[in-house]
Every structure is written in C-alpha cells, then in structure tokens.
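What follows is a set of notes on a single structure, which appears directly below.
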Amino acid sequence: MLFISPGILNMRRLFLITSTVALLFGCAAPLQSPEQVDTPSALSSCPSAPRCVSSQSEDLDAFTSPFKVTSAEQWQTLQSLLRSLPRTQVIAQSPHYLHVEVRSKIMRYRDDVELLYTPDKNRVDVRSASKIGYYDFGVNRERIEALRLRFLDATATP
C-alpha cells in the first residue's frame, strides 16, 4: 500500500490550483485599440502550407478573386461586414487597409484576414490565413466566399 503524506497532497492541490489560475488568466488577452498603420503596398504572402487564400497569390490553389469596389461607401460596407463577423477583433487599420483576427468558435484558433483597397483600380485585395497548423480544411476560403456573398447582397441595386 502506498502512503502519501498530507503535506504532499496539499502541495499538489496548491500546484494544481496555481497552474489552473495561471492558465486561465494567461490566456485572456486584454482588448487593445487597433493600431494605426501605413497602408502596405501588398498583402502578406501565403505560406507554402494549404491554410491560406489570397487575391495576390500566384499559386492557383491559394488564389481567390479580389472584391470589386466602385466607391468609398462600398469600401466602408465591406469593412463593416468583416468587422461584424463573430469573434473578430481589429488588429490594424489605415484608410485603405484593414487587418482583423478571427477566432474559431470551439478551439479558439486565430486566423488573420486582411483587406487592401486600391481606389484607382476599384479593387480590394483580400487575404485570409490560419496562423498555425498545416491544413485549414477550407475554412479561410469559405470565410472569404461567405463575406463576398454578404457584400454582394449589401451592395446590390434593387
């Protein structure tokens, strides 16, 4: 029969409680105001792993079409639609750029979504990528295509 002294049990309980509290508070990041940045000339490139889509990608598997935006109002609409996605936090913005982080519902994985508006081309380039992992099971492509449908509905003329 194994005998464990009460002192060791108390130390284990203390360690378990301390670890749990540290884990809970360590995972909670404070809300920050979005960083104002200079508008980049291009979006970040996609990694070689299949977890990203971008309208600036030369890889056909990662390519998605840019958004056609014909006015500043449509650009504002697109930004509002992206910001309204569940579990979305603005990371950085400028007059022609928006970078948000979207967290998955269950596992809380973080994905980056970027929009880059080029008014003289009536174009908004888009990039959506998982921050970790190898494969995203098409989540980023689905997100952008759902955003595209919502944008087309919001800007359709009756």
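The values are calculated or read from the model by the stated rules, or taken from the named source; none is laboratory data. Worth saying up front: this structure is predicted, and the values here are computed from it rather than measured. Don't worry about glycine lacking a Cβ; one is built from the backbone with ideal geometry, like all the others, and counts go over all protein chains shown. In case anyone asks, the SASA skips ligands and DNA or RNA and just uses the protein heavy atoms, side chains included. Shrake-Rupley method; radii C 1.70, N 1.55, O 1.52, S 1.80 Å.
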Q: Residue by residue through the stretch 63-102, note down the ones that are assigned to a strand (DSSP E or B) and among the aromatic types (Phe, Trp, Tyr).
A: Phe63, Phe67, Tyr97
Q | Pairs with Cβ under 8 Å, 6+ apart, first in the stretch 53-74 and over 17 Å from Arg150 (Cβ atoms) and free of Cβ contacts under 8 Å to residues at least 12 places away in the same chain, second outside any loop (DSSP other than H, G, I, E, B) and of a type in the set (S, T, N, Q) | A | Phe63/Ser54
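Filter the stretch 132-155 down to residues that are free of Cβ contacts under 8 Å to residues at least 24 places away in the same chain and within 12 Å of the chain's Cα centre (by Cα), then give me how many there are.
Our first condition is that a residue be free of Cβ contacts under 8 Å to residues at least 24 places away in the same chain; within the stretch 132-155, this holds for 132, 137-138, 142, 146, 149, 152-153.
Remaining after also requiring within 12 Å of the chain's Cα centre (by Cα): 132.
Final tally of qualifying residues: 1.
Considering only residues that are farther than 16 Å from Lys131 by Cα and touching a Phe, Trp or Tyr at 6+ places or on another chain (Cβ under 9 Å), look in the stretch 44-71 and name the one that is most open to solvent (accessible area, probe 1.4 Å). Walk me through it before giving the result.
So the first thing to find is which residues in the stretch 44-71 are farther than 16 Å from Lys131 by Cα, and the list is 55-61, 63-71.
After this cut, where a residue has to be touching a Phe, Trp or Tyr at 6+ places or on another chain (Cβ under 9 Å) as well, the list is 55-57, 67, 69.
On the way: Ser55: 6, Gln56: 68, Ser57: 26, Phe67: 6, Val69: 0 Å².
So the residue we want is Gln56.
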Q. Can you name the condition, by its number, that Ile91 falls short on among (1) buried (at least 19 other Cβ atoms within 10 Å of the Cβ); (2) closer than 15 Å to Leu43 by Cβ; (3) among the β-branched types (Val, Ile, Thr)?
A. (1)
